[in-house]
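Right, one structure below, let's go through it.
The values are calculated or read from the model by the stated rules, or taken from the named source; none is laboratory data. Remember, predicted model here, so these are calculated numbers, not experimental data. Every residue, glycine among them, receives a Cβ derived from its backbone with ideal geometry; neighbour counts consider all protein chains shown.
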């Protein structure tokens, strides 16, 4: 298939710029991926689609305030987007400035902090943050939540909590695992009370999730890398769910990528590392039986992933329906259940 096969026209008015007042207030498009049947529901109905044999897999990554603003000694303004923290004082980052930053360039940040450009790493820059404070501590003090590029407003105080899942605990993502944003603590408690089992993976979502596919031939696309962890207790929970006849339901495409990256041998195995798994139609899923997801950008790798899972024609028809019914799209938008 070609990149252009995954294009669709979306009115700007359907791109959610802010979250709804309540996390669980979103709509939920439910699709039977075997036949493509569609039902319009509310996210609060999600609990009625799950039974006690099923296992929900959540991504517990935590979004860091990864966007920084600074000034070169020459006076030029700089915007930094941390892509990955390497250790307490070093990171790989996108650096935007009027002129490319060379090795040795010092960037002055708020509250007296500064960093130095050490060199290039492909399209990114390696930075060293000066002083005794750890990089995470610096980001907590002066960093901004890195809202996606299609959200055209500045970040505000509400984004500190709303662009973060209620179960986030492993700091390292620069974009939220957005399917998880619909769950509030009350929903988590209701699922637990019903006897539904949950387990966690970690996949630190990178800014590459928003990068467009630039080649028409998908086999030529170079997938960005993201760090993931699948623990032995998660593997055991998946095996137990399969044994009792339940479904493994991934909450978001990032949970899918973590599970499938750990299943390359054909069986799910505990492990960690970088994944550049690119899932397109024709891919044979090994671990995931159903999926909750948001609506994804045209020609994006995530739209290709859900098309691989539920069928290209089914997904494109569902997206057309969602547009006709004025669903809210992307990170702060509505949800879709592929069962």
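A few remarks follow.
- The C-beta contact set for segment 95-123 (first residue on the phi > 0 side of the Ramachandran plot, second residue outside any strand (DSSP E or B), distance under 8 angstrom, 6+ apart or interchain) comprises 111/141; 111/142; 119/103.
- The listed residue being outside the structural domain of residue 247 (by TED's automatic domain parsing), modelled with pLDDT of 95 or more, within 26 Å of the chain's Cα centre (by Cα) and surrounded by fewer than 19 Cβ atoms within 10 Å (Cβ to Cβ), out of 108, 79, 116: 79
- Any hit, segment 176-195, residues being over 18 Å from residue 71 (Cα atoms), in contact (Cβ under 8 Å) with a residue 60 or more places away in the chain and not assigned by TED's automatic domain parsing to the domain that holds residue 56: no
- Residue 305 vs. criteria part of a helix (DSSP H, G or I) and within 20 Å of residue 256 (Cα to Cα): yes
- Test set (1) in contact (Cβ under 8 Å) with a residue 12 or more places away in the chain; (2) surrounded by fewer than 19 Cβ atoms within 10 Å (Cβ to Cβ); (3) under 17 Å from residue 334 (Cα atoms) - residue 31 fails condition number: (2)
- Single residue of 330, 295 found to be under 19 Å from residue 31 (Cα atoms) and either crowded, with 23+ Cβ neighbours inside 10 Å or over 14 Å from the mean Cα position of the chain (by Cα) (or both): 295
- Within segment 227-264, the residues that satisfy the criterion of being farther than 21 Å from residue 307 by Cα and touching a helix residue (DSSP H, G or I) at 6+ places or on another chain (Cβ under 8 Å) are 228, 229, 230, 238.
- For segment 127-164, taking the residues that are in a helix (DSSP H, G or I) and touching a helix residue (DSSP H, G or I) at 6+ places or on another chain (Cβ under 9 Å), the one that is nearest to residue 62 (Cα to Cα) is identified as 162.
- The set of residues in segment 219-262 that are in contact (Cβ under 8 Å) with a residue 40 or more places away in the chain, in a helix (DSSP H, G or I) and over 21 Å from the mean Cα position of the chain (by Cα) comprises 237, 238, 240, 241.
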